[in-house]
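Below: the structure, in structure tokens.
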Amino acid sequence: MLSRDYLRDHADDYRRALASRNSTAGIDRFLELDAERRRIITTVETLKGKRNSASQEIATLKKNKQDASAQIDAMKGVGDEIRELDGRLSTLEAELRDVELGLPNVPDSSVPVGDESANRVERTWGEKPAFDFTPRPHWEIGESLDILDFDRGAKITGARFTVLKGGGAKLSRALMNFMLDSHGRRGYTEILTPFMVNSDSLTGTGQLPKFEEDLFKLTNERGYYLIPTAEVPVTNLYRDEILDASTLTQSFCAYSPCFRSEAGSYGKDTRGLIRQHQFEKVELVKFTLPEKSMEEHERLTADAEAILQGLGLHYRVVTLATGDMGFTPAKTYDIEVWLPGQETYREISSCSNFLDFQARRANIRYRSESKKSGFVHTLNGSGLAIGRSIVAILENYQRADGSVVVPEALRSGFGGERINRN
């Protein structure tokens, strides 16, 4: 959510920001409702002042044993008008909030303007592996090793669900532990949150109300949702709280399953583990002061990169352009890992700085010893997506005999150096 003062005083700047995002969000409707709200507040304050003066006059007349009936009758009409205007104010506030919740964040000035073609590669790490055979995609490798079972996942639940077994399940567990342990050593506090959240939590991080179709909602009276990412429960740890500025920056890492309906992605990535309705991730979340958030964004991205470096996987870091960026971030780095079986880079982490956008929605504030206060800045990123990490390992570490070498960093947790068919 954006500051009303910003929207009111910098409407033309925000229109340009919307245009750079190819967004048609309703800034004009916001301005219309906001102007009406302010007019009514002024009128109500004037009427209340009039009522206060009349009340003093009535009290004086009564004290002097004089007739005050005319003044009393006049004030009844004023009271009725105030109640009517207060009711309209309540309606306007609700309408304003609905409009505000649909307005995307303002891209940072360092973000390239344009669509996906304007995305900017910032750096690469490592080299693409060389093969003396034609590398296969992970779904062929996983099925031949009998560690990924797509057919039984579909039988148990439906399309885009997969069973990991044997080496696949062990690799997933080894990755989770490696990521959590690595981030713990880098200063993150490990946390395990609920995997279901209420609508207030999803509104705070920006999934609701705009992206409800992407969520799995439980059909009961409680109105809970399965989480699309651990970002949601971790960010909402401090919803409606005021943090001591001296405790910031706070950094958390959290493992969770993630559930996404993938609405609008029909026909995309239908094979393999790239786009599943259920997958696992280790998420990184930071709460920081405004003056530190850009620095912390670089640090969080480097922490996610460190996992890929530890696994020896070639990747690149890309700054997303305004038209390719999500609804809530002011700036996003995508980390894209090389997949030789598909001859392409694929996103394995998005690291975003939301500035105070989420904190305003979730009402997360800070206060310093000098009584300075404001909204915290929030950041998050995948550190990493476990399923996509499995994809990258299978494709980059495959061998001509059909086996897959386990990266050295995972061998103690995995319990071996190679995945062979049982």
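The values are calculated or read from the model by the stated rules, or taken from the named source; none is laboratory data. Computed from a predicted structure; not experimentally measured. Please note: Cβ atoms are built from the backbone with ideal geometry, for glycine as well, and neighbour counts cover all protein chains shown. Note: areas computed on protein heavy atoms with side chains; ligands, DNA, RNA excluded. Shrake-Rupley method; radii C 1.70, N 1.55, O 1.52, S 1.80 Å.
Average accessible surface for the chain: 48 Å² per residue, computed with a 1.4 Å probe over protein heavy atoms with every protein chain in place. With Cα atoms as the point set, the stretch 129-186 shows a radius of gyration and Dmax of 14.8, 41 Å. For the chain, a Gaussian network of Cα nodes joined below 10 Å ranks Ala25, Ala330, Ala321 by mean-square fluctuation, and the top entry is Ala25. Dimensions of the stretch 275-344 from C-alpha coordinates, computed as largest minus smallest value along each principal axis and given longest first, are 42, 30, 25 Å. Considering only Cα-Cα distances, which of the following residue pairs are longer than 28 Å: Lys217/Lys268; Lys128/Lys281; Lys281/Lys371? In this structure, Lys281/Lys371 lie more than 28 Å apart at Cα.
Distance between the modelled labels on Arg222 and Phe161, one decimal in nanometres: 2.0 nm (7 Å Cα→Cβ projection). Nearest 10 degrees, 0 to 90: what angle lies between the long axis of helix 386-396 and the longest principal axis of the chain (Cα atoms)? Roughly 30 degrees between the two axes. Toward the positive end of the charge dipole of the stretch 164-314, with +1 on the Cβ of Lys and Arg and -1 on the Cβ of Asp and Glu, the farthest Cα among Ser172, Gly184, Gln309 is that of Ser172.
Note on Lys48: lysines with a C-alpha under 20 Å away, same-chain residues under 8 apart excluded, are Lys76. Across the stretch 267-422, what fraction of all alpha-carbon pairs, as a whole percent, falls in each successive 10 Å bin from zero upward? Bin by bin from 0 Å, the calculated values are 10, 33, 31, 16, 8, 2, 0.
Values of log10 I(q)/I(0) for the chain across q = 0.09 Å⁻¹ run -0.65, by the Debye formula with one identical scatterer at each alpha carbon and no solvent. The alpha-carbon of Lys170 sits under 18 angstrom from the alpha-carbons of these aspartates and glutamates, leaving out residues fewer than 8 places away in its chain: Glu143, Asp146, Asp149, Asp181, Glu280, Glu395, Glu408, Glu417. Computed on the Cα atoms alone, the convex hull of the stretch 4-61 gives a volume of 63 cubic angstrom per residue. For the chain, the fraction of 1.4 Å probe accessible surface lying on carbon and sulfur atoms is 46 percent. Partner lysines whose Cα lies under 20 Å from the Cα of Lys286, excluding those fewer than 8 positions away in the same chain, are identified as Lys331.
Given a cut-off of 21 Å, what percent of all Cα-Cα pairs of the stretch 123-247 lie beyond it? If you can, show how the numbers build up before the last one.
Values: 5022 of 7750 pairs.
Roughly 65 percent, once rounded to a whole number.
For the peptides 176-187, 286-297, residues were scored by their other Cβ atoms within 10 Å and the scores averaged per peptide; the highest-first order is 286-297, 176-187.
Taking label positions 7 Å along the Cα-Cβ direction at both Lys48 and Asp86, the computed distance is 0.9 nm, reported to one decimal. Taking the average, over residues, of other Cβ atoms within 10 Å as the packing measure, peptides 388-395, 99-106, 199-206 rank 388-395, 199-206, 99-106 from highest down. The protection proxy used here, the mean number of other Cβ atoms lying within 10 Å of each residue, ranks peptides 375-381, 306-312 as follows, highest first: 375-381, 306-312.
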